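S.K.: Here you go, one structure.
The values are calculated or read from the model by the stated rules, or taken from the named source; none is laboratory data. Bear in mind that the values here come from a model prediction, so they are computed numbers and not experimental data. Reconstructed Cβ throughout: ideal geometry from the backbone, glycine too, with neighbour counts over all protein chains shown. Note: areas computed on protein heavy atoms with side chains; ligands, DNA, RNA excluded. Shrake-Rupley method; radii C 1.70, N 1.55, O 1.52, S 1.80 Å.
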Amino acid sequence: MSESSESPLVLVHRPPTLPYMDHHLSRNFRLLNAHASPDPLTVFLARHASSVTAFVNIGRLKIDAELLTHLPSLQLLVCTSVGTDHVDLAECKRRGIAVTNAGDAFSDDVADCAVGLLISVLRRIPAGDRYVRSGKWAKPGEFQLGIKVSSQNHNSHYVPAAAL
């Protein structure tokens, strides 16, 4: 038996613009790329996926009982999302399919973005960018500066949508 036939068959469902995982997965697994097929997903699965043992779902494709009927050999569902609300967990449990997700892997990144957005809004960075690009910067005194983040009690500040 050749090495490629011994390695597990992994179904990958992802938007065509997110190929970043394919290279890493293909080192150890045979990949079945649903996104590359012109067929509707259920048709593609009926034709090709009966021996798939793992499914990497990059995105939020709904995983329900109907979809799982096309994957009789499935043992592992890997969701790259934080949540699993798009997965029928009870059906996966009934079928003995282990389900995993990203958990809190993105928590620090989300916190970083939240802090960045807070600073951006309080310091009026998007408004300042629009102001400079419009050419109005040549007239001194027209742009209202933002709030200094480090010395303010932000619980009492209201930032109107127009300031964004």
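S.K.: Looking at (1) modelled with pLDDT under 90; (2) open to solvent by less than 70 Å² (accessible area, probe 1.4 Å); (3) not basic (Lys, Arg), which one does VAL43 not meet, given that it meets all the others?
M.R.: Every condition holds for VAL43 apart from (1).
S.K.: Another one. When you check LYS148 against the structure, is it among the basic types (Lys, Arg) and over 30 Å from LEU41 (Cα atoms), yes or no?
M.R.: In short, yes.
S.K.: Identify all residues within the stretch 128-139 that are farther than 20 Å from SER150 by Cα and either open to solvent by 100 Å² or more (accessible area, probe 1.4 Å) or small (Gly, Ala, Ser) (or both); write none if there are none.
M.R.: Matches in the stretch 128-139: ARG130, ARG133, SER134, GLY135, LYS136, TRP137, ALA138, LYS139.
S.K.: Return the residues of the stretch 57-72 that are modelled with pLDDT of 90 or more and open to solvent by 10 Å² or more (accessible area, probe 1.4 Å); say none if nothing qualifies.
M.R.: Listed by number, the residues that qualify are LYS62, ASP64, ALA65, GLU66, LEU67, THR69, HIS70, PRO72.
Yes/no per residue for (1) of a type outside the set (S, T, N, Q); (2) out of contact with any helix residue (DSSP H, G or I) (no Cβ under 8 Å at 6 or more places or on another chain):
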position: HIS23; (1), (2): yes, yes
position: LEU41; (1), (2): yes, no
position: HIS48; (1), (2): yes, yes
position: SER51; (1), (2): no, yes
position: ARG60; (1), (2): yes, yes
position: ALA65; (1), (2): yes, no
position: LEU68; (1), (2): yes, no
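S.K.: Next question. Looking at (1) aliphatic (A, V, I, L, M); (2) modelled with pLDDT of 90 or more; (3) touching a strand residue (DSSP E or B) at 6+ places or on another chain (Cβ under 9 Å), find the lone condition where ALA34 falls short.
M.R.: (2)
S.K.: Could you list all residues from the stretch 73-83 that are at pLDDT below 95 and either open to solvent by 50 Å² or more (accessible area, probe 1.4 Å) or not in a loop (DSSP other than H, G, I, E, B) (or both)?
M.R.: VAL78, CYS79, VAL82
S.K.: Yes or no: the stretch 18-25 includes at least one residue that is in contact (Cβ under 8 Å) with a residue 40 or more places away in the chain and open to solvent by less than 20 Å² (accessible area, probe 1.4 Å).
M.R.: no
S.K.: Inside the stretch 84-97, can you point out the residues that are open to solvent by 50 Å² or more (accessible area, probe 1.4 Å) and under 18 Å from ALA49 (Cα atoms)?
M.R.: Within the stretch 84-97, ARG95, GLY96 meet the criteria.
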